[in-house]
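J.: My questions all concern the structure below.
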């Protein structure tokens, strides 16, 4: 640690085969990064002098995910002989001036730079030959070994890591109590990975139609879930592709269902379209609008005027009073050079009567008539998710999108690097899920079932049935 004159190397062990996953688990997504790159970034942001990654199985593939030039990689050609071979390979790359090595597992994505700092700090204070983190008395990882033990570590054989030396020098082991179970949890199975993703979530982007309500009817568990988030101070944003209402109107609608939110908790595709235009056109630019009150309010608030003649933009949202005349005017304007903007691509819309035509159907008609594809702002486009994250100051790696549509909520969330949670209370059915190439991270029947699982995992109860993953 530079400030205290202590120099510690981090050796990230990433050579294993991950046979139970069918691919290297180090390449599983963690936000917009892989698990391995996330761990590397955690190490690089901690008080470490040298960072070494030990690769083995499918080393070339893993190597391509190591993006930082400050990282040194070592390939362990004997990775299948067990962890001791990776320990040996890592130690062979440690610089002479380094005083200790911290062995970091590449499958502990909830590890933080502060945990590493605590371990390194304790070593600097005690100069103990072994420093082990603990949580509620249980020992975990990463473990630090002083240079005086490097020769003994290198002489070990098989899949033992540092366990034998910890037992041999048990009276000299220094324990550091950590306030999180991150030092105990690693990814052994896909179930572990999903639970880890679920436990790391501390903010939400939540769809409305099909998730919170269906038409004028609240979906079971929605009221209780929103109340929980408000009570616990968990950041959330209700993000809807439906441009027909303003946030104030949505707030009133939710209040009639007994769901209390603030206007700032709601963000619509109409608002997103208006924000997008703000960067593309001067205030006062003319727009021809196909859409309802929510879209007109959002555009008017940004200073745009409405016109059927000479419009610079044609902005199209859901319109339940759509006429042939509106389609004709929009077609002529687009053919005349007006920019074609769509609030969202949803082809259908869930109502109490069933699925009815959505804005995507209107966009399809105009595209067929003009040969011009619209610029779509709403889900699944990444731009609206970026706006949502910025609006609430949410951390990408710890935010989940909860939605009922694979082609908008889940697809868009995945492309934005968010954890994706599908609920089956709206458009998507289990049959749709099985036949789709779009895979959510987790699947639940509705918000009530999600809340039960999330609460159990946050409370440390790892029930095997709490995840309904694909």
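Rule-based calculations on the coordinates, nothing more; no lab input. As the structure is a prediction and not an experimental result, all values here were calculated from the model. As a convention, Cβ positions derive from the backbone with ideal geometry for all residues, glycine included, and neighbour counts pool all protein chains shown.
J.: What are the semi-axes of the equivalent ellipsoid of region 330-470, taken as the square roots of 5 times the eigenvalues of the Cα gyration tensor, listed largest first and rounded to whole Å?
T.: 34, 18, 11
J.: At 0.36 nm per residue, minus the direct Cα-Cα distance, what do residue 80 and residue 365 gain on full extension? Give it in nm, one decimal, please. Don't skip to the end; give the middle numbers.
T.: Details: separation 285, 0.36 × 285 = 102.60 nm, distance 5.83 nm.
Extra length available between residue 80 and residue 365 comes to 96.8 nm.
J.: Still on this structure, I have one more. Would you mind calculating the relative contact order of the chain from Cα pairs under 8 angstrom and at least 6 residues apart, reporting the percent as a whole number?
T.: Details: 942 pairs, mean separation 58.6, N = 470.
Across the chain, relative contact order equals 12 percent.
J.: Starting from the 7 Å offset along Cα-to-Cβ, what nm value, one decimal, do you get for the label separation of residue 355 and residue 166?
T.: It works out to 5.2 nm between the two label points.
J.: Given the chain, what percent of its DSSP beta bridges are antiparallel, to the nearest 5?
T.: 25
J.: Using the Kirkwood radius over C-alpha pairs as Rh, can you work out the diffusion coefficient of region 270-376 via Stokes-Einstein at 37 °C, viscosity 0.692 mPa s, in µm² per second?
T.: Rounded to a whole number, D works out at 239 µm²/s.
J.: Now for a separate question. Using the number of other C-beta atoms within 10 angstrom as an exposure proxy, rank 449, 38 with the fewest first.
T.: Exposure proxy ranking, most exposed first: 449, 38.
J.: Taking the mean number of other Cβ atoms within 10 Å as a proxy for protection, how do you rank 135-144, 49-58 from highest to lowest?
T.: 49-58, 135-144
J.: Would you mind ranking 175, 72, 97 so that the residue whose beta carbon has the fewest other beta carbons within 10 Å leads the list?
T.: The fewest-first ordering by Cβ neighbours comes to 97, 175, 72.
J.: Then there is this: Arrange the peptides 327-334, 353-360 so that the one whose residues have, on average, the most other Cβ atoms within 10 Å appears first.
T.: With the highest mean Cβ count within 10 Å placed first, the list reads 327-334, 353-360.
J.: Given the convex hull of the Cα atoms of region 246-331, what is a quarter of its surface area in nm²?
T.: Its average projected convex-hull area is 6.0 nm².
J.: Note down the Stokes-Einstein diffusion coefficient of region 182-231 in µm²/s, whole number, using a Kirkwood radius over alpha carbon pairs, 4 °C, and 1.567 mPa s.
T.: 98
J.: Please compute the modelled spin-label separation between residue 113 and residue 61, points set 7 Å along Cα→Cβ, answer in nm with one decimal.
T.: The modelled label-to-label distance comes out at 3.0 nm.
J.: To the nearest Å, what is the center-to-center distance of region 437-460 and region 177-236, using C-alpha atoms only?
T.: Their Cα centres are 7 Å away from one another.
J.: Determine, for 372, 8, the number of other Cβ atoms within 10 Å of each Cβ, and report the residues in order from fewest to most.
T.: Listing 372, 8 from fewest to most nearby Cβ atoms yields 372, 8.
J.: Once the chain is represented by equal point scatterers at the alpha-carbon sites, with solvent omitted, what log10 I(q)/I(0) does the Debye formula produce at q = 0.12 Å⁻¹?
T.: Listed by q, the Debye log ratios stand at -1.00.
J.: Given a cut-off of under 8 Å on Cα pairs at least six residues apart, what relative contact order in percent is computed for region 2-186?
T.: 25
J.: Summarise the long-distance tail of P(r) for region 141-228 by giving the % of C-alpha pairs beyond 20 Å.
T.: Above the 20 Å cut-off, region 141-228 has 63 percent of its Cα pairs.
J.: Here is a further query. Using 20 Å as the cut-off for backbone N distance, which residues of region 5-21 belong to the label zone defined by a point 7 Å from the Cα of residue 159 along Cα→Cβ?
T.: 12-21
J.: Turning to a different aspect of this structure: Output the Cα-based Rg and Dmax of region 8-83 in Å, rounding Rg to one decimal and Dmax to a whole number.
T.: According to the Cα coordinates of region 8-83, Rg and Dmax are 12.0, 34 Å.
J.: Compute the separation of the alpha-carbon centres of region 103-137 and region 364-418 and state it in Å as a whole number.
T.: Here the answer is 39 Å between Cα centres.
J.: When the Cα centres of region 261-326 and region 1-70 are compared, how far apart do they sit, in Å?
T.: After rounding, the separation between the Cα centres reads 46 Å.
J.: Can I ask one more? Quick one: divide the alpha-carbon radius of gyration of region 376-422 by 2.2 N^0.38 Å and tell me what you get.
T.: 1.00
J.: Sticking with this structure for a sec: How large is Rg/Rh for region 2-186, to two decimals, with Cα atoms and a Kirkwood Rh?
T.: Numbers: Rg = 15.2 Å, Rh = 16.3 Å.
Across region 2-186, the Cα-based Rg/Rh ratio is 0.93.
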